[in-house]
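The values are calculated or read from the model by the stated rules, or taken from the named source; none is laboratory data. Given the structure is predicted, the values throughout are model-derived calculations rather than measurements. Methodologically, a virtual Cβ is constructed for each residue, glycine included, from the backbone with ideal geometry; neighbour enumeration extends over all protein chains shown. These area figures cover heavy atoms from the full protein model, side chains too; ligands, DNA and RNA do not enter into them. Shrake-Rupley method; radii C 1.70, N 1.55, O 1.52, S 1.80 Å.
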Amino acid sequence: MSDKRGNKLKCSSCGAAFYDLNKPSPSCPKCGTFHVPAKAVRKRTTAKGKLPHKTEKNNNKPNSELWVCVLEGGSSEAIVVSGPPELNTSALREPGWYFFKPLKSSETKPLSPKTALHMMEEPSAGIQSYLQTHAFKGIGPETARKLAVPETENIFQDLSRPATEISDAYGINAATATLFETAWAKTSGTRYLQIMLRQLGLGNAVVKQIRETLGSDVIEQILSNPYELVKKIKYFTFEDAENIFTGLNLDLSSDQRIISAMELCLYRIEKNRGHTCAPLERAFKDNDKLIDVDHDIMEGVLRSATEHFKFAEYDDREHIATVPSFERENEIASRIGNLLSVGATPDEHLDFDFDQLNLRASLELSDEQKEALNGAINSRVFLITGGPGTGKTRMVEAIVKALKSESRYVTLCAPTGRAAKRLEEEGGLGSFNPTTIHLLLTYVKSGKVKDVGTLIIDEASMVDVDLMTETLDILNENNHLIMIGDADQLPPVGPGQVFKDLLNSDKVPFARLTGNFRQTEGSEIIKLARDVIAGNDPQLSRVTSEKGVIFIPESDEDKMQGLVLDLYNSKLVRMFKLETSDEVQILAPMRKGAVGTEALNQEIQKTRWVNEEPLFQEGNRKPLYRGDKVIQTSNNYELDVRNGDIGIIRRGGDKGEIFVSYATKDVAYDRESLEALEPAYAITIHKSQGSQYPAVIIPIARSHQFMLGRNLLYTAITRAKAHVVIVGDEAAFKAGVNAAYKDFRYTMLRHFL
């Protein structure tokens, strides 16, 4: 462990691994969560040691109580509004309102004004905003305005009077005063925190999230650096931080402001675009949108802030990264390098005897696959990449058999549950218990798995830098790593592009598969996919149905929806001689819009279940009917279903449960588990990764254009085994093919290697 990096931690919110850089309270570089080592996050496991299907709610909610004092001008003694009456307020000198995080005990030493959020004026604006929340039913804006006018130096005492006195003092009717008295009393636990935050100009959503995540700890955060809240609180903006910074006249240097702005810029591009660093000029341009500072001054501050930023020059440009991001990719490169330096296995076989594998006839390997297998079993780290239908899944089965013939232990995993399941179903590897990487990590850490032997990761293009860092944690110099995937598919949802960077480094041995084992000879599917990823004009208007691809032009989204529904509900089943429409999968770029997944699923349900009552419908949740095609949207290890699994609802039970039939089993869902089920006639292209379907329909609308990129279109097309039907706007499709920049990511891993 590096002294400079400090201790290695795991974020309690997103699970990312990172180093604390010897800071007492570091923030997660991925999600920004404030990490307090002394507070342990409880984790629940089942009796079998499996993860629960949803995170257990932490009953130890953050404390929202505050101590509040007010000091009138000319007075030497402050009034304790909230908190133990024996509080020593003698150190408070400046007039105004003081909000403190409660101490563990009401000590006799004076409260320090340095630990308080100090406001010069009474928080009447915060009170007025607070009284218009849902907790105060019957209190309108005008009544709230009346109640927020102080009568004495202690406005909170004014509002704590009986309803009769409230009615007389503020001129409101008795019924409204009674409602107010009841609501005011019920909200005493969070009242002062909410009013303080609203006095700072924060709205409902921000206040709610601060209450649920930070509570009274928000005072320490504001006093130390309010800009950090931008990363931790979803709706908290940089402008909110600026207003608090200036409004409270906080004792923060201009350097801290510059550093915070740049950290936010780098955090945003990592979270939203997957970049782990940025060219310096690009970072400056982003920073200009937040603060107006001369670039020379900015650069001087950033270069001096060595605890926050690292600089690296490659591709003839200088790049900037946060220290955690820099260290994370450097760590991956170092560990991959360590594995490679160990060399080949002691029992090296340069030319494997393929006759001893006894492969089934359908698994006969091509020459390039044999070469890839030889490389895989004789290397500490090996990569196998290939496009659609090049035999990547059959390679997994062949490699496993080869390794077993050498008496080597094998562990199979994939980034998603659906991809792991496909290894069982299509690879015939059920006896090796393929699992998700996350579950494997849990098994290793709990001691259930002692050694992974040779670790094979399928669908490796989906692995981000955080997951790769954790995966390398469970490997040692005796282990081997084989990663298999298609580098042209969508990049990981999280930051980085590990598989692609490893391939492009020229430091890690790899094999590229080019054969075709899926589509029929002459199929346009592979040609179209290759044209898309190469940026060539696919000329959709010229494709023909006889060769696996159909294009139906339509730019009007309502008409497009009608075409998609007609194709799905009836035409394609007859045209392609399928058993049911369930063999057709609609893959949409987005959830919203006339041809988004939500609208398409709703319309298909309307057509199918005209006179049927749903088996399940609560609140704003989408209804679920008997016979619905549904998708599991999160891993549920208790039910043994994975994110991306698609099944059919078969029936309802006497206790309100719903039974869903998957490829190998039926699963009973209770009401709570049903939260993770959605209709799946149409799913997003992102959700389809790791899956294959006999036929796919891909709607392409101009309203989706900002989402369309080469990797997205390529991934959608390559999900089809036999038939691709594209319905939509050819200009939007071409724009997506030309938008290579959407798939580009700034990363450092390739250069570290």
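So the values come out like this:
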| item | result |
| --- | --- |
| Number of the exception - residue 651 against (1) under 29 Å from the mean Cα position of the chain (by Cα); (2) open to solvent by 20 Å² or more (accessible area, probe 1.4 Å) | (1) |
| The range 716-735 residues that are closer than 19 Å to residue 486 by Cβ and open to solvent by 40 Å² or more (accessible area, probe 1.4 Å), paired with ones that are of a type outside the set (Asp, Glu) and not in a loop (DSSP other than H, G, I, E, B) (beta carbon under 7 Å, 6 or more apart) | 721/693; 721/694; 722/694; 722/695 |
| Residues (under 13 Å from residue 385 (Cα atoms) and in a loop (DSSP other than H, G, I, E, B)) located in the range 457-470 | 458, 459 |
| Test result for residue 664, more than 23 Å from residue 708 (Cα to Cα), in contact with a helix residue (DSSP H, G or I) (Cβ under 7 Å, 6 or more places away or on another chain) and not aromatic (Phe, Trp, Tyr) | no |
| Residue within the range 563-572 that is charged (D, E, K, R) and either at pLDDT below 90 or buried (at least 16 other Cβ atoms within 10 Å of the Cβ) (or both) present | no |
| Pairs, first at pLDDT below 90 in the range 738-753, second open to solvent by 60 Å² or more (accessible area, probe 1.4 Å), C-beta under 8 Å, six or more apart | 753/507 |
| Test for residue 630: is it over 29 Å from residue 724 (Cα atoms) and either in contact (Cβ under 8 Å) with a residue 60 or more places away in the chain or assigned to a strand (DSSP E or B) (or both) | no |
| Filtered residue count, the range 592-620, keeping only those that are farther than 30 Å from residue 654 by Cβ, open to solvent by less than 100 Å² (accessible area, probe 1.4 Å) and not in a helix (DSSP H, G or I) | 4 |
| Condition broken by residue 693, with the remaining ones in (1) closer than 30 Å to residue 551 by Cα; (2) in contact with a helix residue (DSSP H, G or I) (Cβ under 6 Å, 6 or more places away or on another chain) satisfied | (2) |
| Out of 408, 394, sole residue that is modelled with pLDDT of 90 or more, out of contact with any Asp or Glu (no Cβ under 8 Å at 6 or more places or on another chain) and surrounded by fewer than 24 Cβ atoms within 10 Å (Cβ to Cβ) | 408 |
| Any chance residue 416 is under 21 Å from residue 636 (Cα atoms), under 27 Å from the mean Cα position of the chain (by Cα), surrounded by 23 or more Cβ atoms within 10 Å (Cβ to Cβ) and among the polar types (S, T, N, Q) | yes |
| Residue that is most open to solvent (accessible area, probe 1.4 Å), among those in the range 135-165 that are β-branched (Val, Ile, Thr) and over 19 Å from residue 190 (Cβ atoms) | 164 |
| Unique residue being at pLDDT below 90 and among the acidic types (Asp, Glu) when the list is 729, 645, 628 | 645 |
| Any pair with Cβ under 8 angstrom, 6 or more apart, that starts in the range 171-184 at a residue that is at positive phi and ends at one that is open to solvent by 60 Å² or more (accessible area, probe 1.4 Å) and modelled with pLDDT of 90 or more | 171/146 |
| Residue 500 being out of contact with any helix residue (DSSP H, G or I) (no Cβ under 8 Å at 6 or more places or on another chain) and either without any contact (Cβ under 8 Å) to a residue 12 or more places away in the chain or closer than 19 Å to residue 690 by Cβ (or both) | no |
| Number of positions in the range 208-267 that are open to solvent by 60 Å² or more (accessible area, probe 1.4 Å), in a helix (DSSP H, G or I), over 20 Å from residue 307 (Cβ atoms) and among the hydroxyl-bearing types (Ser, Thr, Tyr) | 2 |
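Residues are listed down the side, and each one gets a yes or a no for (1) surrounded by fewer than 24 Cβ atoms within 10 Å (Cβ to Cβ); (2) part of a helix (DSSP H, G or I):
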residue: 455; (1), (2): yes, no
residue: 472; (1), (2): yes, yes
residue: 478; (1), (2): yes, no
residue: 482; (1), (2): no, no
residue: 490; (1), (2): yes, no
residue: 495; (1), (2): no, no
residue: 501; (1), (2): no, yes
residue: 507; (1), (2): yes, no
residue: 530; (1), (2): yes, yes
